[in-house]
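Report on the following structure.
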Amino acid sequence: MFASLLIFTLTVRFSLGQTSRLPLVINTWPFKNATATAWGVLLSGGSVLDAVEKGCARCEMEQCDGSVGYGGSPDEHGETTLDAMIMNGDTMDVGAVADLRRIKNAIGVARAVMEHTEHTLLVGESASVFAENMGFIAEDLTTNRSLNIFSQWLKGNCQPNYRKNVFPDPKKSCGPYKPMATMKQNTRAQHANVHSHDTIGMIALDQDGHVAAGTSTNGLTHKVPGRVGDSPIVGAGAYADSSAGAAAATGDGDVMMRFLPSYLAVELMRAGADPSAACKTAISRIKRHYSDFFGAIICANTTGHYGAACNKAPGFSQFHYMVSNPKLVPPFLETENCF
Ligand code: SD4
């Protein structure tokens, strides 16, 4: 009698604990309209994929932080190009686009890649043609703001600059550049920073255990044309597995993608790590090689527990992210101290 009462009590407490944390929407940076949009989708019966897609699309339309979506992060030619990904944690299906030109709704195109092709990632001009064929509207992604950023950069001798081991000296002059015969071992300049954070990474979980994750970004300002960041790379920008959890990253994608931090964090949660610990280990792994890299990651496990971690770097000591769950409606701003 006592034993069955105990089991009953534990069951009720466990399920109450669980339901009070689910559903969950969590995303990088204080992009609260995106969180609210995704939350609204879940509450109105939409799927976790719909939530992630619509939440990130909201950021694309609002140019969150002046930088997700069109009109931000012009490359060396002044063009804005977009990277995005969406992942279904039930089926492990992924759709992604990289270096997407002329289409504003990058995560929508990523979802179309997932749903209308057998592929995972489409890139560049061909991805844009695919998008147009799927009914997306092609338009110029340039705005006065991006034109202005670009012209200031040209006026300032193309500084800052991502090139190295070329001549003329990319730290002083614009291109065109030619490779230098001798390589200098230079330390990586800190280009990506808290003032140029560009990525929404979002995770959504519902009460039935479905998990999805997605990203959308216009990458890094003054990037070399053709550059693709971590955001559309599975396991780097985001990862979702409904049997373990999900993670999404933001920051210096050129460095971060070398470590697949989102994949690592999800695998750590699968092995029993709590989300904060999983996030911290994923950041530590990168820190070991690039001590002052700029980056952060959010993690959530299948019970709706979540956490984040960020690397303390010059000008970056706190990372802000948004959460909505049944206790935190409307979206709640979380702050993580970097380590
Ligand atoms: C990229 N990870 O393209 C993105 C940019 C970003 O905070 O997240 N900045 O590298």
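Read the figures in this text as sums done on the coordinates, not as results from a lab. Here the structure is a predicted model, which is why all the values come from computation and not from measurement. Please note: Cβ atoms are built from the backbone with ideal geometry, for glycine as well, and neighbour counts cover all protein chains shown.
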Q | Nearest-0.05 FRET efficiency for V129 and E62, computed from C-beta distance (R0 22 Å) | A | 0.25
Q. Given the C-alpha centroids of the stretch 261-286 and the stretch 99-160, what is the distance between them in whole angstrom?
A. 31 Å
(Q) Cut-off 10 angstrom, C-alpha nodes, Gaussian network model of the chain. Which of V166, V123, V68 fluctuates the most? (A) V166
(Q) Just to confirm a number: summing +1 for Lys and Arg and -1 for Asp and Glu over residues other than L328 whose beta-carbon lies under 12 angstrom from that of L328, what do you get? (A) +2
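Below 13 angstrom from the Cβ of D230, what's the summed charge of the other residues (Lys, Arg +1; Asp, Glu -1)?
Working: positive: K223, R227, R258; negative: D83, D198, D252, D254.
Every neighbour counted, the sum reads -1.
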Q. Taking H as built 1.01 Å from N, whose amide H comes closer than 5 Å to the amide H of V123, not counting residues under 5 places away?
A. A98
Q) Which of K155/K280; K184/K312; K178/K280; K54/K223 have a Cα-Cα distance over 32 Å? A) K155/K280; K178/K280
Q. How far is helix 32-43 tilted, in degrees, relative to the longest principal axis of the Cα atoms in the chain, given as a value from 0 to 90 rounded to the nearest 10?
A. 40 degrees
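Counting other beta carbons within 10 Å of each Cβ, put S216, S291 in order, fewest first.
On the way: S216 35, S291 10.
Arranged by neighbour count, lowest to highest, S216, S291 become S291, S216.
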Q.
Using a Gaussian network model on the chain with a 10 Å cutoff between Cα atoms, which of T35, T199, T91 fluctuates the most?
A. T91
Q: Can you bin the chain into rounded, prolate or oblate? Criterion: square roots of the alpha carbon gyration tensor eigenvalues sorted a ≥ b ≥ c, rounded for a/c under 1.5, prolate for a/b above b/c, oblate for the rest.
A: prolate
**Q.** Principal-axis tilt of helix 124-133 within the chain, Cα atoms, nearest 10 degrees
**A.** 60 degrees
Q. Using a Gaussian network model of the chain with C-alpha springs under 10 Å, which one of A246, A300, A273 is most mobile by mean-square fluctuation?
A. A273
Q.
If the rule is a partner Cβ under 4.7 Å, which cysteines in the chain fail it?
A. C56
Q) Is the stretch 210-339 rounded, prolate or oblate when judged by the Cα gyration tensor, a ≥ b ≥ c being the square roots of its eigenvalues, rounded requiring a/c under 1.5 and prolate requiring a/b larger than b/c? A) rounded
Q: Once you have a ≥ b ≥ c as the square roots of the Cα gyration tensor eigenvalues for the stretch 56-212, tell me rounded if a/c is under 1.5, and otherwise prolate or oblate according to whether a/b is larger than b/c.
A: prolate
